[in-house]
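Below you'll find the structure, written out as structure tokens, and then a few comments.
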Amino acid sequence: MIIVIKDGVAIDAQPVTFNDEKALREKLLLKIDAILSGISEDESIVAWAEEFPIGKEKIDVLAIGDTGGIYLIETKLSENPSKREIIAQVLDYSSGLWGNFKDNKDKFLEEFEKKKKKGEIPKEAVFMRNLESNLREANFSIVLAMDNFDKQNESFRNLFDFLNRFTTDNLEFLVLELEHYTANGLEILVPKIHRYEKIGSVSVQKQIWPLEKIREQLEKIENLKLKERVSLMLDFAVKNNMFYRLTKRIYPGFGIAYKGKLILAVDNIHSGDIRPYLGQDRFPSDDIRRRFIEGLKELDVLQEQEQDHPLSRNYLQQITDEKFEKLLKFLEMFKAED
């Protein structure tokens with residue numbers, strides 16, 4: 001129930017249904033920056049485009065954040081019966097966006113300007129680097145905007161929790177519920193972001209982890225040896241301009257980049273997990289990639305069976321001082337390849 005107080009008088013606000021998806025989208029776009037403010041504490045929406053073309057299809061709304069975040073927004077009424085079709089659609093759009101622009105930031109910005117409805121794209125170098133990285137790595141927030149989430153709550157929550165758990169960390173799936181009311185000529189919009197997944201009985205939220213947040217979390221590590229090792233790796237990454245900000249992660253972590261592409265992540269600084277990224281597109285040559293993989297095998301980061309980005313749990317806690325020194329020297333040698 002929504003109650004509006006005007007001139008000391010309480011007025012019951014009456015719910016209003018959206019006639020169609022276009023009406024829902026129009027209300028969303030009236031104040032999209034404020035409505036989407038609950039998605040990220042570290043980022044604000046600065047520009048958005050409507051009906052952004054992906055081949056023969058069009059994304060309802062494509063929004064850009066002030067640090068380079070990319071938000072694909074599809075508007076759907078709760079009466080839409082086919083959640084399978086909706087999920088297939090947003091995944092198809094995400095794949096198309098990545099496929100068309102992963103190697104061409106300038107082309108993306110050109111197309112965005114053609115469809116832009118409001119806002120300005122930042123010109124700062126750090127924004128451009130982040131945007132380019134997000135396009136290349138498919139770091140997208142996929143937002144399903146609905147008029148009533150309760151009607152689809154259980155089925156969509158289960159589906160979105162599944163996607164957030166078992167798909168790549170680069171993609172985040174959210175539901176935006178937009179309630180609409182009227183009261184004596186006033187229109188009221190109540191946005192609700194549904195973005196939590198369940199791990200056991202605890203609700204957790206994925207976040208962006210900039211350098212400042214990592215340093216704050218570093219001070220909370222109780223294991224002194226782990227704290228020292230994480231600190232040394234972080235200092236190495238920052239000093240050599242190899243620090244890579246991780247996004248849409250539950251736990252604090254950071255990456256080490258080679259020529260701007262993530263190749264190794266301290267996935268969780270509190271446990272010492274590390275994760276290599278071994279995709280061929282991350283390396284300028286097969287020879288460099290091969291040497292990187294062989295080095296990680298010698299350091300027991302990788303087993304003989306190669307995977308794209310396997311997780312080595314508690315690695316920084318369990319290895320010897322000698323092996324940790326070898327890891328730093330290995331990264332130093334690899335940095336020299338740049």
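The numbers here are math on the coordinates, done by the rules we state, and not lab data. All figures in this text were calculated on a predicted structure; none of them were measured in a lab. Cβ: placed from backbone, ideal geometry, glycine included. Neighbour counts: every protein chain shown.
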Environment charge of Gly272, counting only residues whose C-beta is closer than 11 Å and scoring Lys/Arg +1, Asp/Glu -1:
+2
By the Cα gyration tensor axes a ≥ b ≥ c (a/c under 1.5 gives rounded; else a/b larger than b/c gives prolate, otherwise oblate), the shape of segment 33-102 is oblate
How large is ³J(HN,Hα), in whole Hz, for each residue of segment 267-279 in order, when computed from phi with the Karplus curve 6.51 cos²θ - 1.76 cosθ + 1.60 and θ = phi - 60°, using x for Gly and Pro?
5, 8, 5, 7, 10, x, 5, 10, 9, x, 10, 10, x
Please list, by residue number, every one of the GluC sites (Glu not before Pro) in segment 13-90 that is coil in DSSP and has at most 13 other beta-carbon atoms within 10 Å.
Glu41, Glu79
Specify which residue in the list Gly295, Phe173, Leu226 is farthest towards the positive end of the charge dipole of the chain, using unit charges on the beta carbon of Lys, Arg (+1) and Asp, Glu (-1), about the Cα centre.
Gly295
Under 25 °C and 0.890 mPa s, how fast does segment 207-335 diffuse according to Stokes-Einstein, given a Kirkwood radius computed over C-alpha pairs? Answer in µm²/s, whole number.
167 µm²/s
Got a sec? How would Met146, Met233 order by Cβ neighbour count within 10 Å, fewest to most?
Met233, Met146
For the chain, return all DSSP H helices satisfying: extent of Cα atoms along own axis at least 20 Å; mean Kyte-Doolittle hydropathy at least 0.0.
224-239
Would you mind telling me the antiparallel percentage of the DSSP bridges in the chain, rounded to 5?
75 percent
Once phi for every residue in segment 176-193 is put through the Karplus expression 6.51 cos²θ - 1.76 cosθ + 1.60 (θ = phi - 60°), the whole-Hz ³J(HN,Hα) values, with Gly and Pro written as x, are 9, 9, 10, 7, 10, 9, 10, 8, 6, x, 8, 9, 10, 10, 10, x, 9, 8
Do the sum for the chain: with -39,500 (n - 2.57) for every DSSP H run of n ≥ 4, divided by all residues, what is the mean residue ellipticity at 222 nm, to the nearest 500 deg cm²/dmol?
-11500 deg cm²/dmol
Please quote Rg/Rh for segment 3-204 to two decimal places, taking the Kirkwood radius as Rh and restricting both calculations to Cα atoms.
0.98
When the expected Rg is taken as 2.2 N^0.38 Å, what fraction or multiple of it is the alpha-carbon Rg of the chain?
1.11
When Ile274, Ile11 are ranked with the fewest other C-beta atoms within 10 Å first, the list becomes Ile11, Ile274
Met333, Met242, Met128 arranged by Cβ crowding within 10 Å, fewest neighbours leading
Met333, Met128, Met242
